[in-house]
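Notes follow once the structure below has been shown.
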There are 2 protein chains.
Amino acid sequence: MSTTTKNRGETVTSATPAADTAGVMPLLERGRTLATPVLRAAVHRLAPPMNTVAAYHFGWIDAEGNPAEGDGGKAVRPALALLSAEAAGAAPEAGVPGAVAVELVHNFSLLHDDLMDGDEQRRHRNTVWKEHGPAQAILVGDALFALANEILLEIGTVEAGRATRRLTAATRKLIDGQAQDISFEHRERVTVEECLEMEGNKTGALLACAASIGAVLGGADDRTADILERYGHHLGLAFQAVDDLLGIWGNPEATGKRTWSDLRQRKKSLPVVAALAAGGPDSERLAQILAADARKPEEEFADFSEEEFAVRAALIEQAGGRDWTSQEARRQHATAMEALGSVDMPAEIRARFVALADFVVVRKR
Amino acid sequence: MSTTTKNRGETVTSATPAADTAGVMPLLERGRTLATPVLRAAVHRLAPPMNTVAAYHFGWIDAEGNPAEGDGGKAVRPALALLSAEAAGAAPEAGVPGAVAVELVHNFSLLHDDLMDGDEQRRHRNTVWKEHGPAQAILVGDALFALANEILLEIGTVEAGRATRRLTAATRKLIDGQAQDISFEHRERVTVEECLEMEGNKTGALLACAASIGAVLGGADDRTADILERYGHHLGLAFQAVDDLLGIWGNPEATGKRTWSDLRQRKKSLPVVAALAAGGPDSERLAQILAADARKPEEEFADFSEEEFAVRAALIEQAGGRDWTSQEARRQHATAMEALGSVDMPAEIRARFVALADFVVVRKR
């Protein structure tokens with residue numbers, strides 16, 4: 001009941017091959033249409049030059065300050081937040097402050113993580129620290145984080161307070177995940193469990209918040225919100241498993257990253273740790289090669305040829321890391337579906353949650 | 001009715017020379033005693049290695065991880081937060097989560113500002129970015145900021161939501177102030193008004209929040225909280241004026257900074273901008289010297305002799321920058337006292353607010 005193709009840039013995995021992911025486009029579009037103006041107005045509140053730096057980060061202007069039609073990303077989180085409000089019987093608009101707050105926190109983390117990780121490119125452009133300097137990346141990140149709380153708390157309701165509390169909990173996990181990710185860089189071996197825990201924090205927590213924050217703002221009880229969080233958490237883990245596949249085998253034109261992106265960064269992503277944990281000759285050969293890689297200075301490592309990375313990718317695949325990660329995406333997708341089954345909502349809304357989950361696991365960027 | 005002495009490290013200014021600042025010590029001590037255990041428990045929630053890095057920052061452990069009797073700072077903010085609860089007729093304990101949240105935000109800003117400003121020393125020790133690297137300074141700063149909201153929001157009351165909203169507004173101003181401070185570095189001239197606005201954001205906002213957050217948690221109405229904020233805001237400006245005096249003429253043994261600290265950093269602090277705005281031969285000579293300084297590379301500038309900085313400090317003083325800043329501290333102190341007069345509270349509590357304000361303007365570190 002699933003497809004797994006192996007060509008670069010091709011569909012990675014789908015739990016429901018017949019899924020109508022085209023039906024997701026209006027959902028993503030609605031999220032963008034309702035959330036973006038409010039997001040832009042929020043960012044507009046920042047004092048100069050932070051407003052300009054933030055506008056650059058979001059892709060609304062280019063480095064020279066001219067208006068740009070930026071690639072605002074897939075907008076899965078805003079779509080989820082609006083849908084989440086509908087799950088509680090509220091209008092999608094009730095989820096808008098939640099969608100905006102989650103986007104602000106997400107982008108706060110991108111600004112800081114890109115600096116901490118030394119990443120120079122995002123969405124085909126220089127990252128903020130590269131273009132505007134480290135201080136602006138820190139400062140504007142801080143400002144977006146504060147703005148996220150401001151947007152929610154100025155609603156002034158008890159629900160808004162609960163929503164802020166959940167967003168704060170998610171943000172703490174996000175930070176924990178980044179701390180784990182950084183610590184993994186200095187370690188020779190990371191277990192599959194540790195990697196999943198890190199990804200649950202770094203990606204799962206905020207998607208969980210997006211999937212529940214609209215419902216909280218729409219008046220849902222804690223049980224409903226908790227179940228929607230669970231759906232979002234597992235969706236996030238599925239999302240990240242696909243991301244980890246794209247990070248090695250993704251098509252650079254679609255992802256906006258270089259070929260073998262995660263391998264170039266020596267990232268201990270799921271396919272890598274799963275391959276290392278698998279045992280057998282390919283796994284052992286991979287472990288030897290990666291241990292030797294880890295001892296090489298950054299410059300020498302960056303000079304590797306395409307073929308040298310291809311060798312590593314092939315070993316990961318032969319040791320079963322690629323298949324395991326595809327299956328993991330499907331497992332997490334299935335667990336998300338299971339959670340969704342235990343909360344009451346109109347069939348039409350449920351179908352949209354399903355479609356969004358399907359989209360996440362078949363996406364190519 | 002005021003004293004202004006001119007020797008390094010001596011009392012800088014006092015609006016009330018007869019003020020019993022000794023009576024302030026029990027207030028500061030109470031703030032420390034009640035807030036520190038809760039602060040430590042909050043920091044203990046952080047995942048490793050962030051908990052250790054934060055404990056180092058707070059001075060609870062040394063760089064090797066051994067317990068230390070750190071210099072936790074003056075603890076004016078916790079003392080204010082507790083007093084603020086009493087102003088609303090609540091027990092001082094009601095202000096504790098507010099005191100802890102304000103301290104967390106304050107230390108979040110120290111961690112990030114030290115990195116942005118490249119400051120290598122704080123409280124006689126290496127700053128976090130210097131000791132543990134830039135990534136940990138960013139990460140732990142983010143975590144403390146999130147923790148501040150968590151501590152308040154988990155109370156779960158409407159008052160806690162209002163307190164978080166005020167803290168968020170103060171944090172936004174804090175960030176605005178740091179953005180202004182950074183932008184001033186690249187500018188040749190900064191007006192006294194711009195400097196005051198920056199200091200109002202960077203120092204006034206969080207002291208304003210400390211002075212009102214306990215009252216909000218204790219059930220005070222918005223009018224009372226607003227007045228206490230005004231008291232705290234002007235107290236913060238008085239505090240910063242004294243800080244700016246200590247930054248040039250402070251005794252290094254008391255401040256923990258090098259001699260002529262702010263001059264070494266070419267900071268456009270109040271005495272400098274006031275001296276430059278004063279006009280006259282000393283002001284013009286100072287402007288010429290500082291303009292030439294600004295064109296020098298960092299290394300060359302850092303190699304200046306004590307005497308070269310002393311020449312600049314003398315010109316600032318002769319142009320009236322030192323006197324003006326002393327007077328500004330007294331003016332802000334007086335405005336804080338005026339605000340205090342327009343809120344009802346028991347005479348005993350009022351006397352403590354007065355004593356804290358007096359302490360702030362006569363402190364030597």
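Values in this text are rule-based calculations from the coordinates and carry no lab data. Predicted model only: the values in this text are computed from it and were never measured. Every residue, glycine among them, receives a Cβ derived from its backbone with ideal geometry; neighbour counts consider all protein chains shown.
Label point of residue A:221 (7 Å along Cα→beta-carbon): distances to the other copies' equivalent points are 3.7 nm, sorted ascending.
Straight-line cross-link reach from residue A:268 at under 26 Å between alpha-carbon atoms covers these lysines, not counting any fewer than eight positions away in the same chain: A:6, A:74, A:130, A:173, A:202, A:257, A:296, A:364. In the elastic network of chain B, a GNM with C-alpha springs shorter than 10 Å, the most mobile of B:201, B:251, B:66 is B:66. Coupling constants for the stretch B:270-280 follow from the phi torsions by the Karplus curve (6.51 cos²θ - 1.76 cosθ + 1.60, θ = phi - 60°), and in residue order they are 3, x, 5, 5, 5, 5, 5, 7, 6, x, x Hz; glycine and proline get x.
So what is the calculated 222 nm ellipticity per residue for the protein assembly as shown, using -39500 (n - 2.57) for each DSSP H run with n of 4 or more, over all residues, to the nearest 500 deg cm²/dmol? Please list the in-between numbers first.
Working: 36 runs with 504 residues, N = 730.
Only helices count here, giving -22500 deg cm²/dmol.
The angle separating the long axis of helix A:222-249 from the principal Cα axis of greatest extent in chain A is about 30 degrees. Here is the P(r) of the stretch B:21-362: all C-alpha pair distances, binned every 20 Å from 0, give 31, 57, 12, 0 in whole percents. Placing a label point 7 Å from Cα along the Cα-to-Cβ axis, residue B:295 is separated from the same position in the other copies by 5.4 nm, shortest listed first. Between the stretch B:210-288 and the stretch A:72-139, what's the alpha-carbon centroid distance in Å? One Cα centre to the other: 35 Å.
Amide H to amide H under 5 Å from residue B:121: which residues, 5+ apart in sequence or cross-chain, H placed 1.01 Å off N in plane? It is B:127, by chain and number.
Partner chain Cβ atoms within 10 Å, averaged over the residues of B:160-166 - can you pull that number for me? Please report the intermediate quantities before stating the final value.
On the way: counts 2, 11, 3, 1, 8, 10, 1.
Rounded to a whole number, the mean comes out at 5.
Label-to-label distances for residue A:342 across copies, nearest first, come out at 5.6 nm, using points 7 Å from Cα in the beta-carbon direction.
Simple point charges give the picture: +1 on the Cβ of Lys and Arg, -1 on the Cβ of Asp and Glu, and for the protein assembly as shown a dipole about the Cα centre of about 720 debye. Pick out, from B:157, B:79, B:145, the residue whose Cα sits farthest towards the positive end of the charge dipole of the stretch B:64-194, with +1 on the Cβ of Lys and Arg and -1 on the Cβ of Asp and Glu. The listed residue farthest towards the positive side: B:157.
Residue by residue, the stretch A:32-47 carries 3J(HN,Hα) couplings of 5, 4, 7, 7, 4, x, 6, 4, 5, 5, 5, 5, 4, 5, 5, 6 Hz when phi is fed to the Karplus relation 6.51 cos²θ - 1.76 cosθ + 1.60 (θ = phi - 60°); x denotes Gly or Pro. Nearest to the axis that brings chain B onto chain A is this chain B residue, judged by its Cβ, with the distance in whole Å: B:161, 2. The charge dipole of the stretch B:21-362, taken about the Cα centre with unit charges on the Cβ atoms of Lys, Arg (+1) and Asp, Glu (-1), comes to about 560 debye, rounded to the nearest 20.
3J(HN,Hα) along the stretch A:55-67, derived from phi through the Karplus expression 6.51 cos²θ - 1.76 cosθ + 1.60 where θ = phi - 60°, amounts to 4, 4, 4, 6, x, 7, 9, 8, 4, 8, x, 7, x Hz, with x in place of Gly and Pro.
Axis of helix A:134-153 versus longest Cα principal axis of chain A: the two differ by about 40°, to the nearest ten degrees. Say R0 is 35 Å: what FRET efficiency, to the nearest 0.05, do residue A:183 and residue B:254 get from their beta-carbon distance? E(calc), rounded to 0.05, equals 0.35.
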